Amino acid sequence: MSFKELKTFDINKSLISITILLFFIMYGAGMLIFGRQGFAKPQVFLNLFINNAGLIVISASMTMVMIIGGIDISVGALVAMDCMILGDLMMNRGWSAWSSMLAVVILGIIYGLTQGFMIAYLKIQPFAVTLAGMFFCRGMAAVISSEVISITNESFVNISQLRISLPLLGTLNKHGKMIYPFIYPSVIVAFAVVVLMFLMLRYTKFGRAVYAIGGNENAAMFMGLNVRRIKLLTYTLDGFLVSVGGILFCMNTMSCFSDQAKGLEMDAIAGTVIGGTLLSGGVGNVFGSLLGCMIRGTAESFISFNGSLSSWWVKITTAVLLSFFIIIQSCMLIFNNRKISC
Amino acid sequence: MKKLSFSLSLNRELILPVFCLLTVLLINLVKTPDFFDISLTNGAYYGFIIDIINRGSELAIISVGMTLAVSVSGGVDISVGAVAALSAAVITNILSGGEAAVNELHAPILLAIGAGLFSALLCGIWNGFLVARLKIQPMVATLILYTAGRGIAQLICGGQITYVRVNAYRILGTNFGNNPLPTPIYISIAVMIITGLFLKFTSFGLYAKTVGINSEAAKLAGLNPGTIKFIAYIVCAMLAGLAGAIYSSRIYSCDANNIGLNVEVDAILAVILGGNQLSGGKFSIAGSVIGAYTIQALTTSLYAFGMPSAHMPVCKALVIAASISLQSPVVKRLLNKHGKKYFKTVFKTVFKEAAGV
């Protein structure tokens, strides 16, 4: 490698390659250990997406917010409020599935706009604003209803449980019948969001501006970018995407209660960090966050396949993975800085 | 003269936090007239005010540590709740000798509390190592213990609630002997005094501010930013461990899932309400403590109004939104520009009216 190549060592690419490697190692280990219980079946792999569809969308949005140098810790509470509104509108007020989903998305946009206004125009720290938002949403969810609402709306159930089989990866079952693995529509939505976000962040004016502001806000301002408007747009888009994620989350759980999705914000942040996004802004990749969520999901399915391990092992495993990643990231950053300064 | 201007500027920083606290108390005075009554029953003081100061102790203790961590590193320590739970789990399990419920102690209380604080110290060293040596953003670094801390605490407790039904252990959370005031009040006052003396008589406070404002400049000035960050995170975790001991003593048990739940959020809120910037630099411990008691006063008074606990976050959110908007630089500038003139005319007319009457 020539000196020039060394200098343009891309931290973005190397971080994501570690994430990909780790995912394959973890999944391979799972196949070896739990192979007999059917860990290698394609359906188990697809279940990762089915169970985490909401989280994937929310992590994609979190990635964007973290690239711009902000943070949104209200996502878990917003998901709870979204689910509650969905349940209340459909079950108690007799709205149709589509109109209540539309209402939730519009509310999410308004919510994101408010947060964005406070962050971009009043210049309050994102952490403080979204902290207030978190309290607000959690409280509103309880105000709407303090009971558990299980959603039985026919069209909503039909939308969420629509099985789309993939004819490529069929396996034979005990009776010699060919069984095709399936996915739900939520997975397609999640994938669409991730791909669109990736393209938007990489190839549009808005996306480039987000990276620029996260890298150095003052420099971006001097380049003539309208920092405030782009921040406002980012948080509005964040509100929209989190609401979409909330609907997907609701499709998976099919019920709602005010304490739902507690700690989801930290799961999303963990997934994003594992995926190679830096909290300080300017560096990040949506596909990395997708893989980060997958890694978390794999750890979860390890626990469920083992059966005898208690639920707190999920927390400990996630934390160990997180520390592994964070330490690798920081070592690479230090290494990189040294190389540039030489 | 120099001293006078210093105290004046200090007071100006504390105006908003004190204003928030007074507003909350004033609303109470109007809504519940017996809010400030204190009664002496069975040799102990009771009343809303005592309750606020008593229940707010843990939050005040944690927010002292949080203020240091925030000002030094410009980031937040979100692991304090988990560290409190971990320390509580260690203490109760040493006292109970690993059993689920006991009626007599298996180890001296001081030893157990020492062990709890030691576990908190280890957590602090881990956090400090990540933040100061590996230079990881504080929130990400403490996210590790935030996720793992409660898991480890449950591992120690074996997934169940450990009860220590011994009166001697309850001293930390209730009154000791015939003392009319609850012990947590004394502990929190002691913590504040010790921290205050530490900051006043050593140069740590100044160093912390310097590192928080500009870490590079501090390094060039001959300070070691790493060591100062390390100390701040250790202090923060130790205080969280102490708060965990009080939490578990109050309920003479350890519920690893619920001890100190969301206290990190409240502590960060206390720091913000105290007028401190989350981006680090200048800090005021007094402001954070006032912020902590404001939050507790708000919670207690909402309970006094008969509001269901699940609805409380909405009110909290509105209060937070109002106070952080007041402290935002843009609103401050607007207030300075137009507010002064407006307030002057308002005051003048009010005084004229009053004089006329």
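The values are calculated or read from the model by the stated rules, or taken from the named source; none is laboratory data. If you're wondering where the values come from, they're calculated on a predicted model, not measured in any experiment. Methodologically, a virtual Cβ is constructed for each residue, glycine included, from the backbone with ideal geometry; neighbour enumeration extends over all protein chains shown.
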Residue in region A:287-297 that is among the charged types (D, E, K, R), within 20 Å of B:Leu143 (Cα to Cα) and without any contact (Cβ under 8 Å) to a residue 24 or more places away in the chain present = no
request  = Please go through region B:212-256 and pick out each residue that is free of Cβ contacts under 8 Å to residues at least 60 places away in the same chain and part of a helix (DSSP H, G or I).
outcome  = B:Ser215, B:Glu216, B:Ala217, B:Ala218, B:Lys219, B:Leu220
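Quick test for you: out of B:Lys229, B:Lys209, B:Lys200, pick the one residue that is among the charged types (D, E, K, R) and surrounded by fewer than 16 Cβ atoms within 10 Å (Cβ to Cβ). Write out each step before concluding.
Numbers: B:Lys229 fails: surrounded by fewer than 16 Cβ atoms within 10 Å (Cβ to Cβ); B:Lys209 fails: surrounded by fewer than 16 Cβ atoms within 10 Å (Cβ to Cβ).
Of B:Lys229, B:Lys209, B:Lys200, the one residue that is among the charged types (D, E, K, R) and surrounded by fewer than 16 Cβ atoms within 10 Å (Cβ to Cβ) is B:Lys200.
When you check A:Ala220 against the structure, is it buried (at least 24 other Cβ atoms within 10 Å of the Cβ) and free of Cβ contacts under 8 Å to residues at least 60 places away in the same chain, yes or no? Lay out the reasoning, then the answer.
Numbers: buried (at least 24 other Cβ atoms within 10 Å of the Cβ): no; free of Cβ contacts under 8 Å to residues at least 60 places away in the same chain: yes.
For A:Ala220, the condition - buried (at least 24 other Cβ atoms within 10 Å of the Cβ) and free of Cβ contacts under 8 Å to residues at least 60 places away in the same chain - is not met.
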ask   = Listed residues B:Leu134, B:Leu130, B:Leu121; which is within 9 Å of another protein chain (Cβ to nearest Cβ) and touching a residue at least 12 places away in the same chain (Cβ under 8 Å)?
value = B:Leu130
inquiry  = Looking only at region A:175-193, filter to residues that are touching a Phe, Trp or Tyr at 6+ places or on another chain (Cβ under 9 Å) and small (Gly, Ala, Ser); which one of those is modelled with the lowest pLDDT?
reply    = A:Ser186
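Within region B:19-46, restricting attention to residues that are without any contact (Cβ under 8 Å) to a residue 40 or more places away in the chain and closer than 13 Å to B:Thr294 by Cα, which residue is surrounded by the most Cβ atoms within 10 Å (Cβ to Cβ)?
Within region B:19-46, the subset without any contact (Cβ under 8 Å) to a residue 40 or more places away in the chain is B:19, B:22-23, B:26, B:29-30, B:33-34, B:36-39, B:41-42, B:46.
The next check asks that each one be closer than 13 Å to B:Thr294 by Cα; those that pass are B:19, B:22-23, B:26.
Working: B:Phe19: 14, B:Leu22: 12, B:Thr23: 16, B:Leu26: 11.
Checking each candidate, the answer is B:Thr23.
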query = Since B:Phe176 meets every condition but one in (1) more than 14 Å from every other protein chain (Cβ to nearest Cβ); (2) over 19 Å from the mean Cα position of the chain (by Cα); (3) modelled with pLDDT of 85 or more, which condition does it not meet?
reply = (3)
inquiry  = Here's a check for you: in region A:262-291, which residue that is more than 13 Å from the chain's Cα centre (by Cα) and hydrophobic (A, V, I, L, M, F, W, C) is modelled with the lowest pLDDT?
reply    = A:Leu279
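Filter the helices (runs of 4 or more DSSP H) completely within region B:258-357 down to those with at least 2 residues that are closer than 30 Å to B:Ile193 by Cβ and of a type outside the set (A, V, I, L, M, F, W, C). Give the steps one after another, and end with the answer.
On the way: elements: B:263-273, B:285-304, B:312-327, B:329-334, B:340-356.
Here the list reads B:263-273, B:285-304, B:312-327.
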ask   = Given B:Val90, B:Val102, which one is more than 19 Å from A:Ile274 (Cβ to Cβ), surrounded by 24 or more Cβ atoms within 10 Å (Cβ to Cβ) and out of contact with any Cys (no Cβ under 6 Å at 6 or more places or on another chain)?
value = B:Val90
ask   = Conditions: (1) under 24 Å from A:Val129 (Cβ atoms); (2) within 14 Å of another protein chain (Cβ to nearest Cβ). B:Pro308 meets all but one. Number of the miss?
value = (1)
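Would you mind stating whether B:Thr195 is within 14 Å of another protein chain (Cβ to nearest Cβ), within 20 Å of the chain's Cα centre (by Cα), assigned to a helix (DSSP H, G or I) and touching a residue at least 60 places away in the same chain (Cβ under 8 Å)? Break it down into steps so the answer makes sense when it comes.
Working: within 14 Å of another protein chain (Cβ to nearest Cβ): no; within 20 Å of the chain's Cα centre (by Cα): yes; assigned to a helix (DSSP H, G or I): yes; touching a residue at least 60 places away in the same chain (Cβ under 8 Å): yes.
It is false that B:Thr195 is within 14 Å of another protein chain (Cβ to nearest Cβ), within 20 Å of the chain's Cα centre (by Cα), assigned to a helix (DSSP H, G or I) and touching a residue at least 60 places away in the same chain (Cβ under 8 Å).
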ask   = Taking only pairs six or more apart or across chains, which ones have beta-carbon atoms under 8 Å, a first residue in region B:304-318 that is surrounded by fewer than 14 Cβ atoms within 10 Å (Cβ to Cβ), and a second residue that is outside any helix (DSSP H, G or I) and of a type in the set (Val, Ile, Thr)?
value = B:Phe305/B:Thr32
In region B:44-78, residue nearest to B:Gly260 (Cα to Cα) [restricted to those that are within 14 Å of chain A (Cβ to nearest Cβ) and not small (Gly, Ala, Ser)] = B:Ile78
Residues within region A:126-169 that are assigned to a helix (DSSP H, G or I) and either among the hydroxyl-bearing types (Ser, Thr, Tyr) or within 14 Å of chain B (Cβ to nearest Cβ) (or both), tallied = 21
remark   = Only one of B:Val76, B:Val83 is of a type in the set (Val, Ile, Thr), in a helix (DSSP H, G or I) and under 18 Å from B:Ala267 (Cβ atoms), namely B:Val83
request  = Being assigned to a helix (DSSP H, G or I) and surrounded by fewer than 16 Cβ atoms within 10 Å (Cβ to Cβ) is the filter here, so list the residues in region A:27-41 that pass it.
outcome  = A:Gly28, A:Ala29, A:Met31, A:Leu32, A:Ile33, A:Gly35, A:Arg36, A:Gln37
message = Here is a check on your reading of the model: is B:Gln277 farther than 25 Å from B:Tyr233 by Cβ and within 14 Å of chain A (Cβ to nearest Cβ)?
response = no
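Among B:Ile285, B:Ile268, which is the only one that is away from every other protein chain (no Cβ under 14 Å), over 20 Å from B:Leu25 (Cβ atoms) and within 20 Å of the chain's Cα centre (by Cα)? Steps first, please.
Details: B:Ile268 fails: away from every other protein chain (no Cβ under 14 Å).
Result: B:Ile285 is the single residue among B:Ile285, B:Ile268 that is away from every other protein chain (no Cβ under 14 Å), over 20 Å from B:Leu25 (Cβ atoms) and within 20 Å of the chain's Cα centre (by Cα).
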query = Looking at (1) closer than 26 Å to A:Gly76 by Cβ; (2) of a type in the set (Gly, Ala, Ser); (3) within 14 Å of chain A (Cβ to nearest Cβ), can you tell me which one B:Gly244 breaks?
reply = (3)
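Let me confirm something: among B:Ile259, B:Ile295, which residue is over 13 Å from the mean Cα position of the chain (by Cα) and more than 10 Å from every other protein chain (Cβ to nearest Cβ)? Write out each step before concluding.
Numbers: B:Ile295 fails: over 13 Å from the mean Cα position of the chain (by Cα).
Among B:Ile259, B:Ile295, only B:Ile259 is over 13 Å from the mean Cα position of the chain (by Cα) and more than 10 Å from every other protein chain (Cβ to nearest Cβ).
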Residues of region A:184-193 satisfying the condition of being crowded, with 19+ Cβ neighbours inside 10 Å, in a helix (DSSP H, G or I) and either free of Cβ contacts under 8 Å to residues at least 12 places away in the same chain or not aliphatic (A, V, I, L, M) (or both) = A:Ser186
inquiry  = Can you find, within region A:294-312, the residue that is surrounded by the fewest Cβ atoms within 10 Å (Cβ to Cβ) among those that are more than 20 Å from the chain's Cα centre (by Cα) and within 12 Å of another protein chain (Cβ to nearest Cβ)?
reply    = A:Ser311
message = So B:Ile246 ticks every box in (1) over 18 Å from B:Val64 (Cβ atoms); (2) under 20 Å from the mean Cα position of the chain (by Cα) but one. Which box is left unticked?
response = (1)
query = Can you name the residue in region B:143-163 that is surrounded by fewer than 24 Cβ atoms within 10 Å (Cβ to Cβ) and among the hydrophobic types (A, V, I, L, M, F, W, C) and is also farthest from the other protein chains (Cβ to nearest Cβ) among such residues?
reply = B:Ile161
query = Do the conditions hold for A:Ser99, that is, is it among the small types (Gly, Ala, Ser), more than 19 Å from A:Arg296 (Cα to Cα) and out of contact with any helix residue (DSSP H, G or I) (no Cβ under 6 Å at 6 or more places or on another chain)?
reply = yes
ask   = Just checking, which of A:Leu196, A:Leu232, A:Leu225, A:Leu237 is part of a loop (DSSP other than H, G, I, E, B), among the aliphatic types (A, V, I, L, M) and either surrounded by fewer than 24 Cβ atoms within 10 Å (Cβ to Cβ) or modelled with pLDDT of 95 or more (or both)?
value = A:Leu225
